Amino acid sequence: MKFSLSKLQQLQKKNNIDLIGIAKSSHLKEDENVFRNWLNSNYNGDMNWMENHIEKRTDPQLLFSNTKSVIVIGMNYFSNIQQEKSDNLLVSKYVTEIDYHKFFKQKLFLLLREMQNIDNSIKGKVCVDTSPIFEKAWGIKAGLGWRGKNSLLISPEYGSWIFLGILLVNVEFDKYSKEKRDGCEDCNLCVESCPTGAILKDNKIDANKCISYLTVENNDKNLPTELQLNNWIYGCDICQDICPYNEKNKKLSVHLEFQPKIELHNKSKKYWENISEFEYRKLKKKTAMKRRKFLFILRNINHNL
Ligand code: B12
């Protein structure tokens, strides 16, 4: 039995999911080549875990046997927080009240259960961020948006302020989503605005230079002195703040979980310079920042002073 797209769209509405799309499962050979070249150029920095499970990463069948369809959901997390740039140290908008990983898992498991209530032979696997799967590439195939020059998936409705999550299922659909046309065309604002020159041509990032990578993933004691963090201490929004699609499609997130964690935004350099480990631990609880140890936040603060 094939599952109907319109039934899935009903479940989307019921569960307050901003974007949903489905792609037929396949081996992403072209993406695999792009990815292997990216790794060979060491653009992954010290994220060595990206070199593992390359086959699984490119073929959902190896991640979950019998995958027939890839369901991708997108949730808007845009908030209009104004961060006084000159005197503040900055935390990315993606640090919201609740870490999106947990929220997505709940949404996707519920979606799977509701699909199983309609057809009890359905089996599925939930993937959010940490599974070896190309979420953006699948989001593009599932018609949620196109690959922006900053490498992020840009949706015509919400811009790039969306998190992505995936549900692999063993069922076919009566219809699959259509891919969107590239909306970036000649625009190069994100490439030009990146202060460290991390955005390469061909919609790729050199993570070694990306402020998001440097502040969130890099585990060196000291950061390269030639790279300035431009006041960011966790993540970076520069290549998204400048995007005309994000300007045009500003829609405040309706999800309580994705309201900004106000206590972490809008804080002065002075505040961060004097923050204690106890206070930092209290602030980061439940947020996406929770995995980052105090030592690295101190390193990032110091790199900005
Ligand atoms: C590793 C990682 C990072 C790394 C590397 C970023 C990167 N661009 O790869 C770092 C730490 C830098 C990072 C930063 C951020 N990240 Co991140 N990250 C990931 C993660 C875990 C894997 C991404 C990956 O595989 N990268 C490898 C490279 C090679 O992949 P790629 O650039 O996407 O290229 C692929 C395709 O686009 C394709 N491709 C590229 N060019 C071409 C050309 C052709 C012709 C074809 C066919 C294919 C193709 O081939 C590649 C393989 O599929 C994903 C979650 C996931 N599991 O997918 C989240 C994810 C991409 N990150 C996300 C977010 C929100 C961010 C930040 C915005 C956070 C912040 N504010 O600081 C920044 C944005 C920085 C930027 N401009 O990319 C979201 C993006 C949502 C969206 N709208 O796209 C994701 C999907 C997490 C999620 N679940 O929502 N991230």
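The values are calculated or read from the model by the stated rules, or taken from the named source; none is laboratory data. These numbers come from a predicted model, not from an experiment. FYI the Cβ positions are ideal-geometry reconstructions off the backbone, even for glycines, and counts take in every protein chain you see.
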Those residues of segment 147-160 which are surrounded by fewer than 21 Cβ atoms within 10 Å (Cβ to Cβ) and either in contact with a Pro (Cβ under 8 Å, 6 or more places away or on another chain) or part of a strand (DSSP E or B) (or both), in sequence order
ARG147
Consider segment 12-25. How many of its residues are surrounded by 12 or more Cβ atoms within 10 Å (Cβ to Cβ), outside any loop (DSSP other than H, G, I, E, B) and away from the ligand (no atom under 11 Å from the Cβ)?
6
I'd like the residue in segment 161-206 that is part of a helix (DSSP H, G or I) and crowded, with 17+ Cβ neighbours inside 10 Å and, out of all such residues, is nearest to the ligand (Cβ to nearest atom).
CYS190
Scope segment 26-84; condition within 12 Å of the ligand (Cβ to nearest atom), of a type in the set (Gly, Ala, Ser) and touching a Ser or Thr at 6+ places or on another chain (Cβ under 7 Å); matching residues:
GLY74
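Okay, residues lined up against (1) out of contact with any Phe, Trp or Tyr (no Cβ under 8 Å at 6 or more places or on another chain); (2) within 18 Å of PHE134 (Cβ to Cβ); (3) modelled with pLDDT of 95 or more:
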site: TRP161; (1), (2), (3): no, no, yes
site: LEU167; (1), (2), (3): yes, yes, yes
site: LYS175; (1), (2), (3): yes, no, yes
site: GLU185; (1), (2), (3): yes, no, no
site: ASN188; (1), (2), (3): yes, no, yes
site: SER193; (1), (2), (3): yes, no, yes
site: LEU200; (1), (2), (3): no, yes, yes
Within segment 216-242, the count of residues that are without any contact (Cβ under 8 Å) to a residue 60 or more places away in the chain and surrounded by 16 or more Cβ atoms within 10 Å (Cβ to Cβ) comes to 3
Test LYS175 against the stated conditions and say whether it is among the basic types (Lys, Arg), out of contact with any strand residue (DSSP E or B) (no Cβ under 6 Å at 6 or more places or on another chain) and in contact (Cβ under 8 Å) with a residue 12 or more places away in the chain.
yes
Within segment 253-297, residues more than 18 Å from LEU90 (Cα to Cα) and touching a strand residue (DSSP E or B) at 6+ places or on another chain (Cβ under 8 Å) come out as SER253, VAL254, HIS255, GLU257
Tell me which residues, restricted to segment 93-130, are under 30 Å from LEU283 (Cα atoms), outside any helix (DSSP H, G or I) and in contact with a helix residue (DSSP H, G or I) (Cβ under 7 Å, 6 or more places away or on another chain).
TYR94, VAL95, THR96, GLU97, ILE98, ASP99, VAL126, VAL128, ASP129
Kindly list, by first and then second residue, each pair from a residue in segment 81-95 that is closer than 19 Å to MET289 by Cα and of a type in the set (D, E, K, R) to a residue that is within 13 Å of the ligand (Cβ to nearest atom) and assigned to a strand (DSSP E or B), limited to pairs with Cβ atoms under 8 Å and residues at least 6 apart or on different chains.
LYS93/PRO260
Return yes or no: is SER121 modelled with pLDDT of 95 or more and either surrounded by fewer than 22 Cβ atoms within 10 Å (Cβ to Cβ) or within 16 Å of the ligand (Cβ to nearest atom) (or both)?
yes
Can you tell me which residue is nearest to the ligand (Cβ to nearest atom) among those in segment 207-225 that are assigned to a loop (DSSP other than H, G, I, E, B) and hydrophobic (A, V, I, L, M, F, W, C)?
CYS210
Looking only at segment 279-305, filter to residues that are over 24 Å from LYS102 (Cα atoms) and among the hydrophobic types (A, V, I, L, M, F, W, C); which one of those is surrounded by the fewest Cβ atoms within 10 Å (Cβ to Cβ)?
LEU305
